[in-house]
Each structure stands twice: as C-alpha cells, then as structure tokens.
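The values are calculated or read from the model by the stated rules, or taken from the named source; none is laboratory data. Being a predicted model, the structure only gives us computed values, none of them experimental. Here the Cβ positions follow ideal geometry from the backbone for every residue, glycine too, while neighbour counts run over all protein chains shown. To get the accessible areas, we keep the full protein, side chains included, count just its heavy atoms, and leave off ligands, DNA and RNA. Shrake-Rupley method; radii C 1.70, N 1.55, O 1.52, S 1.80 Å.
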Amino acid sequence: MGYGNWDDDILGCMELIEPSMDYAESFEEAVLEFKGEPIHGFNMGTPFTTVADAIDRMEQSARGENLPEGWVPSHSYWLIDDQRVIGIVNIRHYLTPALEKRNGHIGYSIRPSEQKKGYGTELLRLALQKAKELGIHRALLTCDENNLGSRRIIEKNGGELQDIIEVDGDAVMRFWIENP
C-alpha cells in the first residue's frame with residue numbers, strides 16, 4: 001500500500017474516537033511500542049499509572065481542569081482501525097506564545113508498527129474536522145525540519161509553510177492549514 005493511498009473499504013473502517021476503556025489493551029500496546037520515546041499528541045504532563053488514569057486526565061484536559069502550568073485545554077482522540085488504536089491526536093483549543101513556536105494546535109503520533117502506511121495523513125484529516133468543531137478555522141502545525149514524514153502529512157492536508165525558526169537549538173517548521 002502506498003503512502004496515503006486508501007481505497008473506500010479501508011477508509012470505511014477507520015474512525016477517530018474519544019479515548020475509551022473499550023480500547024484499553026490496544027492503547028497500552030500502542031504506548032509500549034514507543035519504548036519511552038515522546039508520543040506527539042499524547043500530552044499528559046506526567047506519566048500515567050493506568051489507562052483509566054490517562055483517560056481521566058484527557059477528559060479533564062478537554063474541560064480545562066487540573067492543567068499543568070502553562071498548558072491549555074485540549075481534546076484527545078484515538079484513531080481506531082480494525083478495533084486497534086493506531087494513532088493518537090491532541091487538539092489544543094488555543095495557542096500560547098510557546099505553542100506558537102513549537103507544537104501548534106495539533107500534535108499526533110502513529111504507533112511505530114503502523115507508520116509509513118498513510119495513517120498519519122488520515123489521522124490529521126480527521127483531526128482537522130474535530131478542530132473545526134472546536135472553532136479552529138486556521139490551524140498551526142509544527143514539525144522539526146528533519147521530520148520528513150510529518151512534513152509530508154501536513155502538506156498533504158493543505159499545510160502552507162510560514163517559516164522555519166530555531167527553538168531550543170532545533171529548526172522548527174511552522175505550517176498553517178486553512179480549515180473553513
């Protein structure tokens with residue numbers, strides 16, 4: 001299967017859902033695949049002890065409750081395909097000066113075993129629909145300059161490069177996606 005080439009049967013199977021204990025085992029498996037590497041789109045502040053704890057904190061974040069210093073309310077969703085958690089996305093309700101430099105409105109990750117199969121492109125497409133429901137009609141997305149996969153995903157979803165800035169020694173690309 002080519003990068004981002006989906007047929008109608010495959011697209012019909014995927015959905016973006018709010019985190020649910022129905023997928024607890026699959027979520028744990030997905031998190032373990034990252035082997036301690038950062039998971040973009042999974043902003044917990046501190047490690048979680050159980051899936052129920054993680055879901056509770058995601059729900060609190062959506063309501064703007066108990067946020068770590070400097071964080072903004074955000075909604076989290078899981079990309080489900082064939083009853084498996086394939087990806088994770090976090091949609092921040094608004095931007096702070098720090099988020100304008102790095103992270104933007106939307107952060108996402110695809111579990112390592114499912115990367116480079118087009119899931120990221122579909123995850124971002126679905127996330128943009130959710131962002132629109134949250135009132136975000138122009139979304140900022142960022143990625144490190146050397147992250148070619150994320151850059152392609154953003155560009156396939158209409159991302160227009162604004163600039164490349166240095167943040168903590170990293171070259172960060174900032175893209176805007178019109179989401180009317």
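Accessible surface computed residue by residue for the chain, with neighbouring protein chains in place and a 1.4 Å probe, gives 53 Å² per residue. Rounded to the nearest 0.05, what FRET efficiency is calculated for Met21 and Gln115 with R0 set to 30 Å and r the Cβ-Cβ distance? The pair Met21/Gln115 has a calculated efficiency of 0.70.
Taking GluC sites (Glu not before Pro) as exposed when their DSSP state is a loop state and no more than 11 other Cβ atoms lie within 10 Å, the longest site-free interval of the chain runs over 70-180. Specify which labelled value, from (1) -0.36, -1.28, -1.43; (2) -0.52, -1.22, -1.27; (3) -0.59, -1.13, -1.20, agrees with log10 I(q)/I(0) by the Debye sum over Cα atoms at q = 0.10, 0.18, 0.19 Å⁻¹ derived from the coordinates of the model shown. After the calculation, the listed value that fits is (1).
Amide H to amide H distances under 5 Å link Gly118 with Gly4, where only residues 5 or more positions off or on other chains count and H is placed in the peptide plane. Charges were assigned to the Cβ only: +1 to each Lys and Arg, -1 to each Asp and Glu. The resulting dipole of the chain about its Cα centre is roughly 460 debye. Just the protein heavy atoms count here, and of the accessible area of the chain at 1.4 Å, carbon and sulfur take up 47 percent.
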